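See below for the structure under consideration.
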Amino acid sequence: MLTIYSDSHRLQHGRSELIDGTLKPCFETPSRADMVLAAVRQRDLGDVVHPRRHGLEPILRVHDEGYVRFLETAWQRWSEMGRDYDALPKMWQIRRLREAVPEYVEGQLCYYSMDCGTPITAGTWQAATASVDVALTGADRLIGGERAAFALTRPPGHHAARDYCGGYCFFNNAAIAAQALRDHGMHRVAVLDVDYHHGNGTQDIFYHRSDVLFLSIHGDPRTEYPFFLGFADEKGDGEGLGYNFNFPLAAGSCVSTWFFALDCALEQIARFGAEALVVSLGVDTFEGDPISRFQLGTPDFVTLGARLAALKLPTLFCLEGGYAVGPIGDNVVNVLAGFEARS
Ligand code: 6XA
Ligand code: ZN
């Protein structure tokens, strides 16, 4: 399987995020992508290519223009105020507060963020746009007739909604790629999110649409991040009603429970008649993940890949979470190798 990768991911290296009331080093680090790339090479998955630049147009198909312009200028405006530490928000536009977009950069940072764990740094814009290019280059390959591709996207994307960042995500790589597949003639696209955390951003982007099916298997938001979205009764709205499926599972759920949910999701994708599949591939479902609570073992990721292959669809994998840095490469490549073995 082809891998698309860009060194520019290193330009996103947040210093800290707010955890348990203190600023701690970010779990989402450049070493994650380095480990995945090393495993891709070591296990001879296939060629590794650089992304092609796609510009802002495909991003603006999915994201709000004001949000995109904010991200483009945020670091410069933030640092011009004399700050040299990561930009993090310190309050949110919550119930009964004025809804207008603030003018000042600090207010905008609060307006366009979901959490206090997504630092904007000097290299964020470049890294985030390169990550989108990685996903879009993978989508190009599918449009060109390839069966599958692996977009080694970092920073990840599935928490980024139309107009906000969060959960280490700035642009929603998987959603932008799914939209590109739609724009290039694929009529029905499914996005399956297997990361431990609900893909709130992807859900937000496609919630009113029937041409992109969104499904997510994740830790129950009653106790797990992102808390405000990912419940089973969120089924889509308007045209999109019946095209959104959430499978929240209790934190600590066992492997067979997880695979049962996967089978239910795969059944829905088959019923939908998808022409292509985008997988938001987080491996923080791993039993050793430091911030998540499912129990998949390294060999289980091979099974996941094999089950995805059984759909017989052109498939684009986009990397999302996974913070057990030592095993992350094997866990990711196991999915891809399991897929290839069944293709
Ligand atoms: C709070 C936890 C962010 C979760 C990020 C993630 N800092 N999302 O893995 O899939
Ligand atoms: Zn995650």
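The values are calculated or read from the model by the stated rules, or taken from the named source; none is laboratory data. Just so we're clear, the structure is a prediction, and the values are computed from it rather than from any experiment. Cβ placement follows ideal geometry from the backbone for every residue including glycine, while neighbour counts extend to all protein chains displayed. What goes into the accessible areas is simple: the full protein's heavy atoms, side chains included, and nothing from ligands, DNA or RNA. Shrake-Rupley method; radii C 1.70, N 1.55, O 1.52, S 1.80 Å.
I'd like to know if region 179-188 contains one or more residues that are within 16 Å of ligand 2 (Cβ to nearest atom) and surrounded by fewer than 22 Cβ atoms within 10 Å (Cβ to Cβ).
The answer is no; no qualifying residue exists.
Give me a count of the residues in region 314-343 that are at pLDDT below 95 and assigned to a helix (DSSP H, G or I).
1
Every listed requirement among (1) surrounded by fewer than 21 Cβ atoms within 10 Å (Cβ to Cβ); (2) within 22 Å of residue 64 (Cα to Cα); (3) more than 21 Å from the chain's Cα centre (by Cα) is met by residue 163 save one, (3). You will find that of 241, 281, 311, the residue that is within 20 Å of the chain's Cα centre (by Cα) and either at pLDDT 95 or above or over 22 Å from residue 156 (Cβ atoms) (or both) is 281 and no other.
On the given criteria, is residue 62 assigned to a helix (DSSP H, G or I), out of contact with any Pro (no Cβ under 8 Å at 6 or more places or on another chain) and among the β-branched types (Val, Ile, Thr)? It is false that residue 62 is assigned to a helix (DSSP H, G or I), out of contact with any Pro (no Cβ under 8 Å at 6 or more places or on another chain) and among the β-branched types (Val, Ile, Thr). When we screen 46, 82 for residues that are open to solvent by 20 Å² or more (accessible area, probe 1.4 Å) and modelled with pLDDT under 95, the only hit is 82. Residues being closer than 22 Å to residue 159 by Cβ, in contact with a strand residue (DSSP E or B) (Cβ under 9 Å, 6 or more places away or on another chain) and in a helix (DSSP H, G or I): count how many of those fall in region 71-114. Number of matching residues: 8. With respect to being among the β-branched types (Val, Ile, Thr) and either within 14 Å of ligand 2 (Cβ to nearest atom) or open to solvent by 10 Å² or more (accessible area, probe 1.4 Å) (or both), residue 176 falls outside the description. Residue check: residue 247 meets all listed conditions (1) touching a strand residue (DSSP E or B) at 6+ places or on another chain (Cβ under 8 Å); (2) closer than 20 Å to residue 172 by Cα but one, namely (2).
Kindly indicate the residue of region 298-325 that is open to solvent by less than 10 Å² (accessible area, probe 1.4 Å) and away from ligand 2 (no atom under 16 Å from the Cβ) and also nearest to residue 263 (Cα to Cα) among those meeting that condition.
My answer is 308.
Looking only at residues in region 230-257 that are surrounded by fewer than 19 Cβ atoms within 10 Å (Cβ to Cβ) and hydrophobic (A, V, I, L, M, F, W, C), the one that is farthest from residue 291 (Cα to Cα) is 241.
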